[in-house]
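The structure under discussion appears below in the form of C-alpha cells.
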Amino acid sequence: AASNERPIQPNVVILFADNLAYNDVGAFQTGVRTPSRTPRTDALANDGLKLLHWNSPAVLCSASRAALLTGKYPVRTGVYPRVFEPDAIHGLLANETTLADHLKDEGYATKLVGKWHLGSRPGYLPTDRGFDEWFGIPYHMSGGSLDRHVCGKQKDPNGTNWLPLFDGHDIVEQPVDLRNLAPRYVDSASDFIHQNAKTSQPFFLYMAFSHVHQLCAPRFAECQWASEHFSRNPDNGGFSASFGDAVEEMDWILGGVLDALRDAGVEDDTLVIFTSDNGPWTAERGCAGAKGQFEGAWLRENVDEGCTACPSEYVASPVPDEPRRCVYPGTDFEVEGVHCGEDSGLGSAWEANVRMPAIVRWKGGNVPIGEESSEMVSTLDVVPTVLSILGKEIPGEIDGVDVKHVFLGDEKKTPLDESGMDQERAIFFWRDGFKTGPLPAPFGRFDVVAMKIGWIKIWFWTKSSHYNDDEEVYHDPPLLFDVMADPAEAYPLDPNEHTGLIDRALRLVSDHKGSVNWTDPLTLSRDPKYMPCSNVENGCRTTTQSSLTRVESIQTEE
C-alpha cells in the first residue's frame, strides 16, 4: 500500500567559514582558554552536537568547497592543484551534481550567500550549479583590490582587478564596499529564510562566510577586514580590523542567520551544519588564527632551521639581524616570516589545517543537545548524509559516507574484516608542492601525502605548507600518530607494533589512487580576459553601491 506520510524535508543551512581554525571557536578551545570571540557559535554548540573529529578532505579553499558540494575528492572533479584565481578559464564542471542540484530536484529553494570560489565567469557561477540565487563574492578576499587597499603588482598589475560583489549573474558593486558587507549578507540570508518560511517552501541556504580570509598583499598592516561596527578604524574603508574583529563579525553574521530561523518559526525544522573549509594560514601570523593544540610538532623538529615561510606573495630575504625577513618584490614592504617547521596550517595536511570545528543542530530531528562525538567524519559526508535524511538514494560515485547515525547520536558498531580487524573508514589527504612531477613548478604533482584510519594518522610524505623551500620527505615505513592522544603530532608510534594497520593502509591507498579517473587540473588554466569586470570603459568599476542597507542597523548584545 502506498504510504500517506509526507517525506522528511527539513530546511538545510550550511554555515561554512573561511580559514577559521578549530581553536578560533570558543567552544572548541582546549588547554589555556582565551576569552571567546564567538558567543553565538558557542551557543549553537550548546544547542546541538559538537563533532570533535571532523576532517577537511582538501588543503585549500576551492577544493574544500568542491568536496562539500559534490561529496567527492577534488582530484575526481579536477579542482586541483591550486585555487581558482580571478582569471580562471574553468570552474566546477557542469557534469558535477552539487548538493544544491540534489535539493532543487526535491523542490527546495536554494541560495548561496557569500564566497563561491568554484569559477567566476558565466557558466561557472553558483546560479549555473543548482543555486536559484547568489549574493556574494566569487573568490577569496585577497582576490582583488579595494578602494584605499590596492593589491600589489602580482595580483593587480593593471590596477583594474577590483574585488567584485555579485547578485546572481551580475556584478552589482566593484570594488565591494566592506564597510557594510556583513549586514548586507545577513539581510540577504534573512530575506531568503523569511520568504520561504511564509510559503512553507523547504529551502537550502549555503552561508559561505567571506571571513576570516585575509586581504591581498602587500599592506600587511591592513590584512583583515570588518564592517564599520566591528573595525578598529571605521574611517579606513573596513580593512583596518584585527583578526579578532573579523572572527567577531563572522560570529555576528552566524547569529543573524540563526535569529532569522527563529523569527521565521522554522528553527525546529532546520538542519544546521557549521564548519570551516580549512585552518589558519600560519605564515600570515597575526592576520590568521591559532593552531592551538595542533602544533605539527614533528615537522617543527625536523625541518632545517634556515627555512623561512613568508606571508602570501612575500619572499624570504634574510639579513644577519633579521633571519626571518620577508619582502614584497619591488617594494619597501617587509615583514617577519616564520620557521617552515611552524608553517603547518593552510596548504598542508597537518591537523591544524584538516581538523575542523563542526556543529550540527536539528531541534526537530533528534540531534543530541549539548553533547560531543569523537567519530571520524568529513566534509565529504555532507551530501550523502543530507540525501539519507531525505530518504534518497546516494549516488555510487560519491566518496563521502552517510553519517546520519553520528548526527543523530546512534551507536553503530564498526564491522570487522576477515582477520577480525576493525574496518574503520579511511580518509585520504591529497596535496601538491612536490619538487618534481608532471605539473608545472611549483606544483610538481598531486598525490596522497597522508591518510587516517580512525584516530591513526598515517604519513607517506611530510612537508610544510604551500611551496616553502623544505623538500618533501618520504616515509617507509609510514610515520604514524594517534591524533586523539597526540593532537600535536609530536610522538610517532612504533611501526613494528602496527604492521597490520600499515599493510591495510597501503592496500587502501593503492586502491584509492587506482580508482581515480584523472580529470585535467582545471585550476591551472587562466586567461586575463576572464577577469570579472563590470565596466571596461570605467576601469572595471561600478558607479553606484548595490544596497541601501545601513551599517547602523547592526545590533549587538551588551
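Laid out as a table, the results:
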{"item": "Kirkwood Rh in Å, taken over all unlike Cα pairs in segment 195-334", "result": "18.2 Å"}
{"item": "Protein accessible area in segment 421-542, 1.4 Å probe - carbon and sulfur %", "result": "50 percent"}
{"item": "Rounded accessible area per residue of segment 1-101, 1.4 Å, Å²", "result": "32 Å²"}
{"item": "Calculated on alpha-carbon atoms, Rg and Dmax of segment 267-371 in Å", "result": "19.0, 63"}
{"item": "Percent of beta bridges antiparallel (DSSP, the chain, rounded to nearest 5)", "result": "60 percent"}
{"item": "About the Cα centre, charge dipole magnitude for the chain (Lys/Arg +1, Asp/Glu -1 at Cβ), debye", "result": "840 debye"}
{"item": "Three-way shape call for segment 159-198 based on the alpha-carbon gyration tensor, with the a/c threshold at 1.5", "result": "oblate"}
{"item": "Where no second cysteine Cβ lies under 4.7 Å, the cysteines concerned in the chain", "result": "61"}
{"item": "Rounded percent of accessible protein surface that carbon and sulfur make up, segment 52-188, 1.4 Å probe", "result": "45 percent"}
{"item": "Ellipsoid equivalent to segment 27-101 - semi-axes via the Cα gyration tensor, in Å", "result": "32, 15, 12"}
{"item": "Area accessible to solvent at residue 380, 1.4 Å probe radius, in Å²", "result": "0 Å²"}
{"item": "24 Å Cα-Cα threshold exceeded, pairs from 50/457; 72/452; 104/513; 104/529; 463/513; 452/513", "result": "104/513; 104/529"}
{"item": "Selection from 337, 302, 347, by position along the positive dipole direction of segment 275-409 (Cβ)", "result": "347"}
{"item": "Where only alpha carbons of segment 337-386 are counted, the Rg and the Dmax (Å)", "result": "15.6, 48"}
{"item": "Å² per residue, accessible surface of segment 338-488 at 1.4 Å", "result": "38 Å²"}
{"item": "Intensity falloff of the chain expressed as log10 I(q)/I(0), Debye formula with alpha-carbon point scatterers, at q = 0.07, 0.10 Å⁻¹", "result": "-0.37, -0.79"}
{"item": "Theoretical ellipticity at 222 nm over the chain - DSSP helices of four or more residues, -39500 (n - 2.57) apiece, nearest 500", "result": "-5500 deg cm²/dmol"}
{"item": "Kirkwood hydrodynamic radius of segment 99-218, from inverse mean 1/r over distinct Cα pairs, in Å", "result": "15.1 Å"}
{"item": "Segment 57-140 shape via C-alpha gyration tensor axes, a/c threshold 1.5", "result": "oblate"}
{"item": "Under the span-like rule (Cα at least 15 Å along the axis, Kyte-Doolittle mean at least -1.0), DSSP H helices of the chain", "result": "181-198, 243-263, 499-514"}
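The values are calculated or read from the model by the stated rules, or taken from the named source; none is laboratory data. A quick note: this is a predicted structure, and the numbers were derived from the prediction, not measured. All Cβ positions, glycine included, derive from the backbone under ideal geometry; neighbour counts span all protein chains shown. SASA here: full protein model, heavy atoms, side chains in, ligands and nucleic acids out. Shrake-Rupley method; radii C 1.70, N 1.55, O 1.52, S 1.80 Å.
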